[in-house]
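**Q** Take a look at the following structure, please.
The values are calculated or read from the model by the stated rules, or taken from the named source; none is laboratory data. Remember, predicted model here, so these are calculated numbers, not experimental data. Neighbour counts run over all protein chains shown; Cβ positions are idealised from the backbone, glycine included.
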Amino acid sequence: MLDCAIIGGGPAGLTAGLYTTRGGLQNVTLFEMGVPGGQITKSSEIENYPGFFDSSKTGLDFMDTWQKQCFHFGLKHEMKKVESIEKTGEYFNITLEGGEMVEAKTAIICTGAVPRRAGFNGEDAFYGRGVSTCATCDGFFYKDKPVTILGGGDTALEEAFFLSNICSDVYVVHRRDEFRAAPPTLDRAMRKENIHFITDSLIDEAYGDAMGLQGVKIKNLKTDEITDMSNTGLFVFVGQDVKNDVLKDKQGEFICKMNELGQVVVDLKMHTSVEGLFVAGDLRIDAPKQVVSAAGDGSIAALQVISYIQEQQ
Ligand SMILES: Cc1cc2nc3c(=O)[nH]c(=O)nc-3n(C[C@H](O)[C@H](O)[C@H](O)COP(=O)(O)OP(=O)(O)OC[C@H]3O[C@@H](n4cnc5c(N)ncnc54)[C@H](O)[C@@H]3O)c2cc1C
């Protein structure tokens, strides 16, 4: 029986692991289906985490030291996907990929969010074959070639900047003529000579053949004019979906209270509506979607887990 099962190994989950183990819990396992680190590992740099001020370091470099520190104090790690969690009596039953079951006294869910699809023709057909949502993963495939980005938020412009250092030209397609991105992010992208903005427009179609994506058609929403952009990779950054599937029971109902966006309702101590179940990071309501706040949530949830277990004894 685990003292605590932590599901998801981004900033929230890793921090929860650090605080639970340093707080004296002996038997804590972090279930992470990939390499721990979370979304920030896709970032080309991070400059808003207090105490970390090195623009030469990527998000991957940044999270590398987190892993070393968090696992140093006894946190165990299983590189497995969690399918579901349910509370039976006092304890939680966690079902892992492949059907293995694990029992835990408490759980902290930190599964974060995933990139949303935009829904244009050809997006699914060429996803992973020229249509990407990860510049860090796929940018190098387009070294010295032009790429197109869809989106106008922080992620889109940060990724545009990242790609501009690898690719010959970056065309940012955005449906409005104003950007949601923070002013410094927008300013930095606008100052980069090889980033070009195509506003009031959307991706009409991604096309190609068995070899993969060959180009995209961009539609101007004001004039209906179609521009054919051939020989380009396409990166889609149009928002995120919270990863809340683990919280669904066999009937597909959520086991705890959620809001209309599928985010978990928590209080300031990261308690959910289920005793012993905590949620931290981008999965919760009103998450600022920042590393520093996800880490803060993780520490709060961990301290609550320690108190909860002490109260149960
Ligand atoms: C490109 C980019 C740039 C960013 N830049 C910044 C920045 O400069 N500053 C900043 O503060 N924030 C930035 N962010 C946001 C920041 O990365 C997130 O807010 C933060 O990572 C959220 O942490 P989290 O732990 O809640 O979730 P995540 O980081 O999303 O981690 C969730 C983890 O859970 C795992 N997981 C999901 N489901 C399961 C399952 N069923 N079983 C097992 N594991 C599972 C996932 O694999 C993932 O590793 C950026 C994000 C992106 C994408």
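**Q** Residue check: is T148 hydroxyl-bearing (S, T, Y) and either surrounded by fewer than 14 Cβ atoms within 10 Å (Cβ to Cβ) or in contact with a Phe, Trp or Tyr (Cβ under 7 Å, 6 or more places away or on another chain) (or both)?
**A** In short, yes.
**Q** For Q310, state whether it is farther than 19 Å from T88 by Cα, touching a strand residue (DSSP E or B) at 6+ places or on another chain (Cβ under 9 Å), surrounded by fewer than 23 Cβ atoms within 10 Å (Cβ to Cβ) and modelled with pLDDT of 95 or more.
**A** Numbers: farther than 19 Å from T88 by Cα: yes; touching a strand residue (DSSP E or B) at 6+ places or on another chain (Cβ under 9 Å): no; surrounded by fewer than 23 Cβ atoms within 10 Å (Cβ to Cβ): yes; modelled with pLDDT of 95 or more: yes.
Answer is no for this residue.
**Q** Moving on to the next point. Restricting to segment 271-312, name every residue that is more than 20 Å from G24 (Cα to Cα) and more than 11 Å from the ligand (Cβ to nearest atom).
**A** Correct list: H271, T272, S273, V274, E275, I285, D286.
**Q** Hey, among the residues in segment 125-178 that are within 22 Å of the chain's Cα centre (by Cα) and acidic (D, E), which one's farthest from the ligand (Cβ to nearest atom)?
**A** It comes out as D138.
**Q** Next up: For segment 191-205, check the following and say yes or no: at least one residue is in contact with an Asp or Glu (Cβ under 6 Å, 6 or more places away or on another chain), outside any strand (DSSP E or B) and on the phi > 0 side of the Ramachandran plot.
**A** yes
**Q** Here's a check for you: in segment 91-107, which residue that is out of contact with any Asp or Glu (no Cβ under 9 Å at 6 or more places or on another chain) and within 28 Å of L303 (Cβ to Cβ) is surrounded by the fewest Cβ atoms within 10 Å (Cβ to Cβ)?
**A** Among residues in segment 91-107 that are out of contact with any Asp or Glu (no Cβ under 9 Å at 6 or more places or on another chain) and within 28 Å of L303 (Cβ to Cβ), the one surrounded by the fewest Cβ atoms within 10 Å (Cβ to Cβ) is M101.
**Q** Does segment 25-34 hold any residues that are within 8 Å of the ligand (Cβ to nearest atom) and surrounded by fewer than 20 Cβ atoms within 10 Å (Cβ to Cβ), and which are they?
**A** M33, G34
**Q** Of (1) under 30 Å from T21 (Cα atoms); (2) in the same structural domain as V172 (by TED's automatic domain parsing), E205 satisfies all except one. Which?
**A** (1)
**Q** For the structure I just gave you, tell me whether V102 is outside the structural domain of V246 (by TED's automatic domain parsing) and at pLDDT 95 or above. Full working, then the answer.
**A** Working: outside the structural domain of V246 (by TED's automatic domain parsing): no; at pLDDT 95 or above: yes.
Taking the combined requirement at face value, the residue does not satisfy it.
**Q** What are the residues in segment 140-159 that are without any contact (Cβ under 8 Å) to a residue 60 or more places away in the chain and in a helix (DSSP H, G or I), if any?
**A** If the condition is that a residue be without any contact (Cβ under 8 Å) to a residue 60 or more places away in the chain and in a helix (DSSP H, G or I), then F140, D154, L157 are the ones that fit.
**Q** Filter segment 212-236 down to residues that are in contact (Cβ under 8 Å) with a residue 24 or more places away in the chain and more than 24 Å from K81 (Cβ to Cβ), then give me how many there are.
**A** 13
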